[in-house]
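Structure first, commentary second.
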Amino acid sequence: MSNLATVTPIKPHLEVVEHRVAELDDGYTRTANTLLEAVMLSGLTQHQLLIVMAVWRKTYGYNKKIDWIGNEQFAELTGMAPTKCSTAKNELIRMGVLTQVGRQVGMNKNISEWKTKVNGFGKTFTRSVKLTFTKSVKTNLPNQSNTKDNIQKTINTNTPLPLTGAAMGRLNLNVARQNESTTNPS
């Protein structure tokens, strides 16, 4: 009899993992530092910032100033829904950050035309809203003070007394009169 056991070697399953390293040889996007800094200081939302970067990639990345970029292309580059891409792009056009000529979109390099925090639009807008809102609220307030109704809880410890013969007779008489008046209206 032999008490030998067979041992099977267990090797971990190794997968080849490819490390991606950014290289200038794979392509790059030239952007002016002034433009980059203005975008960083402009107070754009995340969706708007993603659209700006997608416009840079599709225009400056191919040495163009303006190009036709569809919502599906924006969605593919940013990972957002096409409708959200369209909304963010239209907001940027209204703010003057992007320019649109027909169906082509490009970056507005004239930073002084932007309606963002860089040019003081974010701060003045809030200040003006605060002033007009507080004036309208103060003028429409009625002259009354805040009141609070205090309802005290009282426990009724009086138990109702049972109806006696005379009280029961009056109750029956009142019920009979009400029934008579509803059946014989005069």
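Counting only residues that are more than 19 Å from Thr45 (Cα to Cα) and surrounded by 14 or more Cβ atoms within 10 Å (Cβ to Cβ), the stretch 71-104 holds 3 of them.
Of the residues making up the stretch 47-61, those that are out of contact with any helix residue (DSSP H, G or I) (no Cβ under 7 Å at 6 or more places or on another chain), under 14 Å from Leu36 (Cβ atoms) and of a type in the set (Val, Ile, Thr) number 1.
Of these, Ser145, Ser112, which one is in a helix (DSSP H, G or I), modelled with pLDDT of 65 or more, loosely packed, with under 10 Cβ neighbours inside 10 Å and not β-branched (Val, Ile, Thr)?
Numbers: Ser145 fails: in a helix (DSSP H, G or I).
Of Ser145, Ser112, the one residue that is in a helix (DSSP H, G or I), modelled with pLDDT of 65 or more, loosely packed, with under 10 Cβ neighbours inside 10 Å and not β-branched (Val, Ile, Thr) is Ser112.
Scan the stretch 54-61 and tell me whether some residue there is in a helix (DSSP H, G or I), within 34 Å of the chain's Cα centre (by Cα) and hydroxyl-bearing (Ser, Thr, Tyr). The answer is yes; a qualifying residue exists. In the set Thr6, Thr78, only one residue is without any contact (Cβ under 8 Å) to a residue 40 or more places away in the chain and under 28 Å from the mean Cα position of the chain (by Cα); that residue is Thr78.
So that you can scan it fast, the table gives a plain yes or no per residue for (1) under 19 Å from Ile93 (Cα atoms); (2) out of contact with any Gly (no Cβ under 9 Å at 6 or more places or on another chain); (3) surrounded by 14 or more Cβ atoms within 10 Å (Cβ to Cβ):
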{"position": "Val21", "(1), (2), (3)": "no, yes, no"}
{"position": "Tyr28", "(1), (2), (3)": "no, no, no"}
{"position": "Thr34", "(1), (2), (3)": "no, yes, no"}
{"position": "Gln48", "(1), (2), (3)": "yes, yes, yes"}
{"position": "Ala54", "(1), (2), (3)": "yes, yes, yes"}
{"position": "Arg57", "(1), (2), (3)": "yes, yes, yes"}
{"position": "Tyr62", "(1), (2), (3)": "no, yes, no"}
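Going residue by residue through the stretch 32-44, is there one that turns out to be in a loop (DSSP other than H, G, I, E, B) and without any contact (Cβ under 8 Å) to a residue 60 or more places away in the chain?
So in the stretch 32-44, the residues in a loop (DSSP other than H, G, I, E, B) come out as 32, 42-44.
Still in the running and without any contact (Cβ under 8 Å) to a residue 60 or more places away in the chain: none.
No, the stretch 32-44 contains no residue that is in a loop (DSSP other than H, G, I, E, B) and without any contact (Cβ under 8 Å) to a residue 60 or more places away in the chain.
Restricting Ala22, Ala38, Ala32 to those that are small (Gly, Ala, Ser) and in contact with a helix residue (DSSP H, G or I) (Cβ under 7 Å, 6 or more places away or on another chain) reduces the list to Ala38. Restricting Gln100, Gln73 to residues that are touching a strand residue (DSSP E or B) at 6+ places or on another chain (Cβ under 9 Å) and of a type in the set (S, T, N, Q) narrows the list to Gln100. If I filter the stretch 78-106 down to residues being charged (D, E, K, R) and in a helix (DSSP H, G or I), which single residue comes out as farthest from Leu35 (Cα to Cα)? Out of the qualifying residues, it is Lys84.
Considering only the stretch 8-31, state which residues are in a loop (DSSP other than H, G, I, E, B) and closer than 22 Å to Ile69 by Cβ. So that I can check it myself, show each step before the final result.
Within the stretch 8-31, the first condition is being in a loop (DSSP other than H, G, I, E, B), and the residues that meet it are 8-23, 27-31.
Residues satisfying the conditions are Gly27, Tyr28, Thr29, Arg30, Thr31.
Is it true that Leu44 is in contact with a helix residue (DSSP H, G or I) (Cβ under 9 Å, 6 or more places away or on another chain) and under 24 Å from Ser112 (Cα atoms)? Even if it seems obvious, please write down each step before you answer.
Values: in contact with a helix residue (DSSP H, G or I) (Cβ under 9 Å, 6 or more places away or on another chain): yes; under 24 Å from Ser112 (Cα atoms): yes.
Considered against the rule, which asks whether it is in contact with a helix residue (DSSP H, G or I) (Cβ under 9 Å, 6 or more places away or on another chain) and under 24 Å from Ser112 (Cα atoms), Leu44 comes out as yes.
The values are calculated or read from the model by the stated rules, or taken from the named source; none is laboratory data. Keep in mind that what you see is a predicted model, and the values were worked out from it rather than measured. Quick reminder, even Gly has a Cβ in these numbers, built from the backbone with ideal geometry, and neighbours come from all protein chains shown.
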